[in-house]
Amino acid sequence: MVSHGSREADWVRLVDDAVSACADLMGSEVPVVSAFLELVEGRLIQDGVHVLEAEGVTDLYVLPLFVSSGSTHVDDIAQAFGMEPVSAARVGELERFVVQRGVRVRFGVPIDDDGDIAELLLRNIAGLSGGRDGTLSAGAERALAAECELKEEVGAREERPLAKAKNEPSEGTEQLSAMAKHETLAGESGEPSESAGALAELTAAERESELNALAVGEPSDGARAEQLPAARRRERLLLVAHGSREAVFHGRWRDGMAALAERVRELGGFAGAHSAMLLPNQAACKLGALQRRYPDDTFIVVPLFLSEGYFTRTVIPTRLAGLNYRYNGRALLPSPQIARWMERQIRKWLSTM
């Protein structure tokens, strides 16, 4: 089981507890080891490989404990195990892992859109829900995201000279310096900018039509007529996750988040469900636009992160400062459903052997 890793001991403990619970579910069928991409010395991925090889394994199943297949980290890990890259234009950043000759390696898939995870998210926000029908079409969601990303790029270009002159971080706060650095580095990959890719998915006419519909409140083609629970008819969800600027990877984040958001909406009977990424910086722009579209509705912000930490406690609240929403910062862990998700993936792999 491979996860990102953290300097926070509590973050690592939550992951370890989930992997241990999965190992208990598997019993003596297969050994299960928790390993990390970085930051946890002595327990990195290569260390995990060595532990399993010492137990005499002949087949190795690598399961990335990440929330999206749009993560470039997942692509890096997969390539380091000899898998094909997600995009031919992107070479992985990790050195090849050393695996004993004759050991067969199978690489699993991250969470993405999963029914059990949707139930977990619904339980996470149960205490926030107390509660107009209507959902944005997929085209309107993409157009709104592209509009937010375009504003971000324009704003960054306009503010950068001023920030440089003042020798201050462009975000105006040291708390977000790590995130700002990550965004700058992500934008220097040589790939087409992520927002340009998102804008390219819609023609100019389609984008204008969708944004006009968003502004005037026309019902979407996919609006449902079924009755919603009375308490939630005026509640909407906004899933917020890390995201990516890079071409291809951005689309994977977007599609997985949109599908998961719709699952939660259907399970809970909410008026609508939407998604936004922190990279690119969509969250505040998108939440603000949705609140203008649905001024009488209440918005619940749902973090899509494996474990609570810097992003759930600091980045999301900072990005959404000044907006009215409900939020408790609960991440996927701790939850027994993560262990069960891992168990299901392992058993699927075993069934193919």
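What is the extension gain from Glu55 to Glu41, computed as 0.36 nm multiplied by their sequence separation minus the C-alpha to C-alpha distance, in nm to one decimal?
Computed gain between Glu55 and Glu41 is 2.9 nm.
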Quiz prompt | Hz values of 3J(HN,Hα) by residue in region 44-50 - Karplus curve (6.51, -1.76, 1.60), Gly and Pro given as x | solution = 7, 4, 4, 4, x, 4, 4
Quiz prompt | Local electrostatic count, Pro336, Cβ distance below 12 Å [Lys/Arg +1, Asp/Glu -1] | solution = -3
Quiz item: Can you list residues whose amide H is under 5 Å from Arg326's amide H, if they're 5+ apart or on another chain and H is modeled 1.01 Å from N?
Solution: Phe299, Ile300, Val301
Quiz item: Label Glu119 and Ala88 with points 7 Å out from Cα along Cα→Cβ: what is the distance between them in nm?
Solution: 4.3
Exercise. Work out from phi, with θ = phi - 60° and the Karplus expression 6.51 cos²θ - 1.76 cosθ + 1.60, the ³J(HN,Hα) of each residue of region 317-326, listed in order in whole Hz, and give x for Gly and Pro.
Key: x, 5, 5, 9, 4, x, 9, 9, 7, 9
Practice problem: Apply 1/(1 + (r/R0)^6) to the Cβ-Cβ distance of Thr318 and Arg347, taking R0 = 35 Å, and write down the FRET efficiency to the nearest 0.05. | Solution: 0.30
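Every number in this text was worked out from the coordinates using simple rules, so none of it is lab data. Because the structure is predicted, anything quoted here is derived from the model rather than measured. Glycine gets a Cβ as well: all are built from the backbone with ideal geometry, and neighbour counts include every protein chain shown.
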